[in-house]
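The values are calculated or read from the model by the stated rules, or taken from the named source; none is laboratory data. If you're wondering where the values come from, they're calculated on a predicted model, not measured in any experiment. Cβ placement follows ideal geometry from the backbone for every residue including glycine, while neighbour counts extend to all protein chains displayed. Heavy atoms of the whole protein, side chains included, go into the accessibility calculation; ligands, DNA and RNA do not. Shrake-Rupley method; radii C 1.70, N 1.55, O 1.52, S 1.80 Å.
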Amino acid sequence: MIEIRIHGRGGQGNVVAAYLLAMAAFEENRYGQAFPNFGAERRGAPVMAFVRIADSPIQRRNQVRHPAFLIIQDQALLQVPGVTDGLLPGGKILVNSRQSSAELSEQLGKEAVALQATALAKKILGRPVPNTALLAAFFTLTNMLSQDSLALVLNKRFKGEVLEKNLQLIQQAAGLVPAGLWKEA
Amino acid sequence: MTTETAIPISKLRKKQPRFRGLESGHRACLGCGEALAARLVTESAGPDVMVANATGCLEIFTTPWPESAWRIPWVHSLFENAGAVAAGMEAALKAQGKSTKVLAFGGDGGTFDIGFQALSGMLERGHNVLYVCFDNEAYMNTGIQRSSSTPHAAMTTTSPPGKERMGKRHLKKDIVSIVAAHHIPYAATASIAYPSDIRKKVRRAMAIEGPTFLQIHCPCPLGWGHEGDHSITVARLAVQTGLYPIIELERGGLANVMPLRNIRPMTEYLKMQQRFRHLFTDDLRAKEELEHLQAIADHNIEIYGLRSDGGKDAFDSEGMDTVRRGGMRWA
Amino acid sequence: MLQALEGSQAIAQAVALCRPQVIAAYPITPQTHIVENISKLVADGKLQCEFISVESEFSAASVVLGAALAGSRTYTATASQGILLMAEVLFNIAGMRVPIVMTCANRAVSSPLSIWNDQQDSMAVRDAGWIQLYCADNQEAVDTTIQAYRIAERTELPVMVCMDGFTLTHTLEGIDIPTQKQADTFLPPYEFSRTLNPRDPLSLGTLVTPDYYTEARHSHHQALLNAQAEIVSADQDWFAISGRKCGGLLSVEGPEQAKTAILTIGSVLGTLREALEEFPPGQPVKLIKLRSFRPFPAETLKAACKELDDVIVLERALSPGSGGIIGLEVLAALSELPKPPRVHNFAAGLGGRDIPLEILPTLLSTLNEPSDKRFKIIDVELEKLPEEDR
Ligand SMILES: Cc1ncc(C[n+]2csc(CCOP(=O)(O)OP(=O)(O)O)c2C)c(N)n1
Ligand code: SF4
Ligand SMILES: [Mg+2]
């Protein structure tokens, strides 16, 4: 079972990202579970969502404390205490950031990859919603799930122009990170 | 006598200590109309008050335990009982011979809907309470569900447009008239687009012994679907189109209105908000609903006589905006 | 068809399959997504029904009461403060023996205000006279919702389907949504023996003198006890159609020879299942899932526990000043056994506190402790409390 924790801010589409991830797993006949750590918070406040992906049914319903991967939708959240807590040894961090991956890795002392997801989303979607771009990068980095599955679940969630643009966005985002860098051994 | 000061006169006002009932640093969204309105109300009401606050965004974003943004005694009990809790507080103060004023705060849901009974009781019994309704036209705290304050045709999560629906099917409840029908000394509407008008009305209500009611139109960027920095513009357009008449009622009768110098087409207001997005499609029903909304605005303008007589008025919906705090600049 | 769905979305679809004619609800976290999804189905013309967005939970319950009496199948859902505000109507509905189905998206109760999960809300109205069924996962919540209508309409008792707020309502997972044909095969059209009808006028909700009140209460109590058979048969019949069971009144899993069992209610079951694999205990351990809390299946429970030495009851609510709620009832039932097992009673996960896998070893470690207390909140963090409260 692979556990993933997504950190972001209210309004950045955290829960949607978590759901899309689990739905993509489902499309590939794996088991997926996703849920938010819902706070009574408003737009802009730090929020979390959890994802589990496995090859057998997932029964546990506790929060993800020891993720193998962290997806950080807003770099500033790295300053918030506890955000990187519990990351498994060898765990990886994908960050929406304008810094370079090397800089980030050094700062964090952990393997990190940066993607300028907000800028990319603004350019293509016209809105600063980084979630789908980050997912595309995550899929490419890990090879865990295919871009096709991501496109498929986007199709279920969105329609019309929003869908078109998101499909464009994930295609571009996928090309910006090294494929298979975080492939399971 | 002259006093030497290093501070230029223009900045002096900023140095003036000002009472703040609600501190910054709370957790409201950017551009939250309710946060602004609550600050204005408490600022004008002054420190000698206590507040009963109904459940809702205002309550949640001001008091994430162990923090509180309030500088005045404040209690949140439940969603439906702010009017009654306030009545109890007022009765106790009266019994003790104290003059502290009791304020009750509720959202539109807590006022128009679930707390309506407690509000009506409080008004009818004549408690000395200023009840402020922060009207953002839906249940925002739970994620934008329709309330009886939601405007006709607006989209919320429980009034979604679809094959069979064009947003909310029913009309916005005319709460201020219902409140006024209790024949209370003072009931008024206001809008965050007109801060000095809010201040004036709060002071007016504070000076009255008996139940008073203030309904403040508070845009919610999240629920209405507009940018946070457009809240004031959106609020102002609601007034200037006639959709949100700014009025004062005394003992049930209309006493005052904010006249409209330039009546704006209603679509200017609607177009700024995602909650009316479905009305700007080719759908025939959309056209019908737009006409319906225009008729509501026209009706308001008519019954309240909102059309100004053509001259410039510092207190009309154009002038009021530029009447600054502590001074008047004639528009 | 198996789909990846959020729990609330699945419940909305399950409700739609039951063809309710009147739905009334009032928003409250974490129930909101259920109602929002239903609103969408109605707006899109996918569910033909009167959907009434009322002005309070008090009215929500009252509207479905009126609608059910006037001859329609109904649905409502709420949680927490909403359940408490409904309380008066809930007792009234049950006493009038009206078949209504309601989802409770379990949440803690104010004050202090908490929007997060525990089961204090439904436990607070356990004496309202409703059937209460608790769900361990979203699939069960879907299947139980459909079963609930048949149980309610056959027994003329209202049914509350309790599912943990957020933990289930906001979790996306694979859920099999039955077909309309399956639902229709299982659930006949709504019928109520005392439907209001001008041709055959009845007066409902009358005053009863002491001469008959006791008898009314007696038959209500009896009806709930008798409903056990209906709960079991609904589960069996649904199994025949869908291939899935929810465990009737209660279900037991784990090694036959186990002398220790953990009894739970609601969604913590899955976590304990995996905990048993992750932290294999020194001795074999059974898990007992209590599905029906009202009626309380005392006989079935006794049969399930008669060979046991220890029963650990883990619950998500408490009765302040007394202790556990379920624990006490389990203790009372098991004390009738010739060799009653020891009952250890714990509350955990109040107001949304996460229940981790590690709770299993903690629970089991208490077996050897000399127990001076019948009940304990096992995940309390004492260092956060002032000295005198520890
Ligand atoms: C009895 C009861 N029902 C429902 C709720 C859930 N609830 C809390 S706040 C809220 C909506 C508040 O809406 P409004 O009064 O308009 O205030 P806003 O959040 O929009 O400022 C709801 C439905 C509750 N707390 N208590
Ligand atoms: S949701 Fe709306 S009312 Fe609530 S804090 Fe945000 S902007 Fe304000
Ligand atoms: Mg509101």
*When the residues of segment C:254-284 are filtered to those that are farther than 20 Å from C:ASN138 by Cβ and part of a strand (DSSP E or B), which remaining residue is farthest from the other protein chains (Cβ to nearest Cβ)?*
C:THR260
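Can you tell me which residue among C:THR155, C:THR167, C:THR179 is farther than 18 Å from C:THR74 by Cα and crowded, with 19+ Cβ neighbours inside 10 Å?
C:THR167
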*asked:* For A:PRO57, only one of the following conditions fails: (1) open to solvent by 10 Å² or more (accessible area, probe 1.4 Å); (2) more than 14 Å from every other protein chain (Cβ to nearest Cβ); (3) at pLDDT 95 or above. What is its number?
replied: (2)
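Are any of the residues in segment A:10-27 of a type in the set (Asp, Glu) and away from chain C (no Cβ under 14 Å)?
Step one: of segment A:10-27, the residues of a type in the set (Asp, Glu) are A:27.
Remaining after also requiring away from chain C (no Cβ under 14 Å): none.
The answer is no; no qualifying residue exists.
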*asked:* Any residue that is more than 19 Å from B:ILE144 (Cα to Cα), out of contact with any Leu (no Cβ under 7 Å at 6 or more places or on another chain) and among the polar types (S, T, N, Q) - is there at least one of those in segment A:38-59?
replied: yes
*asked:* Just to check your reading of the model, which residue among C:ALA303, C:ALA333 is open to solvent by 10 Å² or more (accessible area, probe 1.4 Å), away from chain A (no Cβ under 14 Å) and assigned to a helix (DSSP H, G or I)?
replied: C:ALA303
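Hey, among B:GLU80, B:GLU90, which residue is under 28 Å from B:ILE114 (Cβ atoms) and open to solvent by less than 20 Å² (accessible area, probe 1.4 Å)?
On the way: B:GLU80 fails: open to solvent by less than 20 Å² (accessible area, probe 1.4 Å).
Unique residue meeting the criteria: B:GLU90.
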*Hey, can you tell me all the residues within segment B:123-148 that are outside any loop (DSSP other than H, G, I, E, B), of a type in the set (A, V, I, L, M, F, W, C) and either closer than 19 Å to B:ALA37 by Cα or within 15 Å of ligand 3 (Cβ to nearest atom) (or both)?*
B:VAL129, B:LEU130, B:VAL132, B:CYS133, B:PHE134
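Please return the ranges of strands (runs of 3 or more DSSP E) entirely within segment B:149-265 where 1 or more residues are surrounded by fewer than 23 Cβ atoms within 10 Å (Cβ to Cβ).
Details: elements: B:186-191, B:212-217, B:247-250, B:253-257.
Filter on segment B:149-265 gives B:186-191, B:247-250, B:253-257.
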*Given the conditions (1) away from chain A (no Cβ under 14 Å); (2) more than 20 Å from C:LEU360 (Cα to Cα), which single one is not true for C:SER251?*
(2)
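For every residue, the table says whether it meets (1) within 16 Å of ligand 1 (Cβ to nearest atom); (2) away from chain A (no Cβ under 14 Å); (3) crowded, with 23+ Cβ neighbours inside 10 Å; (4) more than 21 Å from the chain's Cα centre (by Cα).
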site: B:SER10; (1), (2), (3), (4): no, yes, no, yes
site: B:LYS15; (1), (2), (3), (4): no, yes, no, yes
site: B:LEU22; (1), (2), (3), (4): yes, yes, yes, no
site: B:ARG39; (1), (2), (3), (4): yes, yes, no, no
site: B:PRO64; (1), (2), (3), (4): yes, no, no, yes
site: B:PRO73; (1), (2), (3), (4): no, yes, no, yes
site: B:GLN96; (1), (2), (3), (4): no, yes, no, yes
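If you scan segment B:235-257, which residues turn out to be under 15 Å from the mean Cα position of the chain (by Cα) and either under 25 Å from B:GLY126 (Cα atoms) or within 12 Å of ligand 2 (Cβ to nearest atom) (or both)?
B:ILE246, B:ILE247, B:GLU248
Condition check: open to solvent by 40 Å² or more (accessible area, probe 1.4 Å), touching a residue at least 12 places away in the same chain (Cβ under 8 Å) and under 22 Å from B:PRO64 (Cα atoms). Does A:MET1 satisfy that?
On the way: open to solvent by 40 Å² or more (accessible area, probe 1.4 Å): yes; touching a residue at least 12 places away in the same chain (Cβ under 8 Å): yes; under 22 Å from B:PRO64 (Cα atoms): no.
So A:MET1 does not fit the description; no.
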*Name the single residue, out of those in segment C:74-88 being closer than 19 Å to C:VAL35 by Cβ, open to solvent by 10 Å² or more (accessible area, probe 1.4 Å) and not polar (S, T, N, Q), that is nearest to ligand 2 (Cβ to nearest atom).*
C:LEU85
*Does C:ALA12 satisfy being assigned to a helix (DSSP H, G or I) and within 14 Å of chain B (Cβ to nearest Cβ)?*
yes
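Answer yes or no: is there a residue in segment B:82-93 that is near ligand 1 (Cβ under 10 Å from one of its atoms) and over 16 Å from the mean Cα position of the chain (by Cα).
Step one: list which residues in segment B:82-93 are near ligand 1 (Cβ under 10 Å from one of its atoms), which gives B:82.
Next, from what is left, pick out any that are over 16 Å from the mean Cα position of the chain (by Cα): B:82.
Looking through segment B:82-93, at least one residue is near ligand 1 (Cβ under 10 Å from one of its atoms) and over 16 Å from the mean Cα position of the chain (by Cα).
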